[in-house]
Amino acid sequence: MKPVLLALMFLSEEHRAQMAQSFELVYAPDAAQAAAAIAEHGARITVVLTIGATGLSAAQIDALPALTLICALGAGYENIAVAHAKARGVVVATGAGTNDDCVADHTWGLLIAAQRRILPLDKATRAGIWRTALPLPPNVSHKRLGIIGLGTIGKKIAQRALGFEIEVGYHNRSARTDVPYRYFGDVKALAEWSDFLVVATPGGAGTKHLVNADVLNALGARGVVVNIARGSVIDTAALTAALVEGRIAAAGLDVYESEPAPPAELLDLDNVVLTPHVAGWSPEAVQASVDRFLENARRHLAGEAPVSPL
């Protein structure tokens, strides 16, 4: 008998087939299907695969008496009731490290597009407008980059900054001893120092609206903010006002508070670049995440520690 796996996020047919080689797969990629799956199969489910935004609540954990392992497909786990799971003796693991390069690459795509006004320039070119009739987009190189959250992804973003000869600063809960970058104990102070502010911190209640009106004002009229973390970290109303009023120059957002619905307040602004939470998605990154889950699960079910436990 194969162990029963409950998967709570979208998976391609190929990845479902890959997982079905090792598990009896119960596929429930939305809330209604999840509730029905738990009601029907809850007593038999031993492994849950989810993502940080979907999570797994304490009540859901309690409805799964045979559960021994929860895995997040990516690095985020903000909506998984980790403490409750561990109190139940359930192991929690993530896909940390599997999509760092992809997220860092996408971050720089958003930053460059926002700073160099790539989308408005594309639109102008299609309309037959030549460069002499357009404002000059500023440099990316030789600026200051502030990173909120210098974890594994933040460090990859910082590494790429060096190729642009950019000075890097960062904010964490505490300073790191393994990096040469300037540490700021306060987000507002980091923003005031920065030309570009990148949000790479975990989501959840502890970071909700960490980037607010005061932080955006500190970033200033030539500043660009990029968010590849969680939409909740930036106050959308404050961001919209700052962009409309010219208190910051531009924004690049892969995540937003309204997702999966697009941020309606920002759709008509030409100084915003939007993508649909795909920074960590590429064929290579998703496959690596699936492979990591399967290895985490294999090790756990063999009585070993997962590759990337919490």
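The values are calculated or read from the model by the stated rules, or taken from the named source; none is laboratory data. Values in this document were obtained by computation on a predicted structure and should not be read as measured data. Ideal geometry is used to build each Cβ from the backbone, glycine not excepted, and the neighbour counts take in all protein chains shown. Side chains are part of the model used for accessible areas, which takes the heavy atoms of the whole protein and leaves out ligands, DNA and RNA. Shrake-Rupley method; radii C 1.70, N 1.55, O 1.52, S 1.80 Å.
What to note about this one:
- Residue-span extension gain [residue 165 to residue 87] - 0.36 nm each, minus C-alpha spacing: 23.3 nm
- Average accessible surface for the chain: 47 Å² per residue, computed with a 1.4 Å probe over protein heavy atoms with every protein chain in place.
- Taking the convex hull of Cα positions in the range 207-271, its mean projected area over all directions (nm²): 3.8
- For the chain, the carbon plus sulfur part of the accessible surface works out to 55%, probe radius 1.4 Å.
- Rounded to 0.05, the FRET efficiency of the residue 310 and residue 221 pair, given R0 = 35 Å and the Cβ-Cβ distance, is 0.30.
- In the range 1-157, one over the average inverse separation of all distinct C-alpha pairs is 18.7 Å, which is the Kirkwood hydrodynamic radius.
- Using every pair of distinct Cα positions in the range 188-228, the Kirkwood expression returns a hydrodynamic radius of 10.5 angstrom.
- Taking amide H as placed 1.01 Å from N in the peptide plane, the amide H of residue 310 sits under 5 Å from that of 92, 93, 94, each at least 5 places away or on another chain.
- For residue 42, distant residues with modelled amide H under 5 Å away: none
- Computed over the range 82-210, the P(r) curve from all C-alpha pair distances, binned at 5 Å from the origin, holds 2, 9, 16, 17, 16, 13, 10, 7, 5, 3, 1, 1, 0, 0 percent per bin.
- For the chain, the spread of Cα positions along each principal axis, largest first, Å: 70, 47, 32
- Shown for the chain are the DSSP H helices of 18 Å or more along their axis, judged by Cα atoms, with a mean Kyte-Doolittle hydropathy of at least -1.0: 100-115, 283-301.
- For the range 130-147, backbone phi angles converted through the Karplus equation (6.51, -1.76, 1.60; θ = phi - 60°) give residue-by-residue couplings of 8, 4, 5, 9, 10, x, 7, x, x, 4, 9, 5, 6, 10, 10, 10, x, 10 Hz, Gly and Pro being listed as x.
- Our summary gives the range 189-235 a relative contact order of 55 percent, counting only alpha carbon pairs under 8 angstrom and 6 or more residues apart.
- The chain: relative contact order as a whole-number percent, Cα under 8 Å and 6+ apart: 16
- Local electrostatic count at residue 244 - Lys and Arg +1, Asp and Glu -1, tallied over other residues with Cβ under 11 Å: -2
- Karplus-based coupling profile of the range 254-259, in residue order and whole Hz: 9, 9, 7, 5, 8, 4, with θ = phi - 60° in 6.51 cos²θ - 1.76 cosθ + 1.60 and x standing for Gly or Pro.
- Loop-located trypsin sites (Lys or Arg not before Pro) in the range 102-208, at most 10 other Cβ atoms within 10 Å (DSSP): 173
- Plainly put, the range 261-310 has a radius of gyration that is 1.30 times its Kirkwood radius, both from alpha-carbon atoms, as the Rg/Rh ratio.
- Whole-Å semi-axes of the range 103-167's equivalent ellipsoid (Cα gyration tensor): 29, 13, 8
- Sites count as exposed loop sites when they are chymotrypsin sites (Phe, Trp or Tyr not before Pro), lie in a DSSP loop, and have at most 13 other Cβ atoms within 10 angstrom; the longest stretch of the chain without one is 131-310.
- For the range 1-127: relative contact order, % (alpha-carbon pairs under 8 angstrom, 6 or more apart): 19
- Size descriptors for the range 53-126, from the alpha-carbon set: Rg then Dmax equal 19.6, 60 Å.
- Under the Debye formula (equal points on every Cα, no solvent term), log10 I(q)/I(0) of the range 188-307 at q = 0.11 Å⁻¹: -0.45
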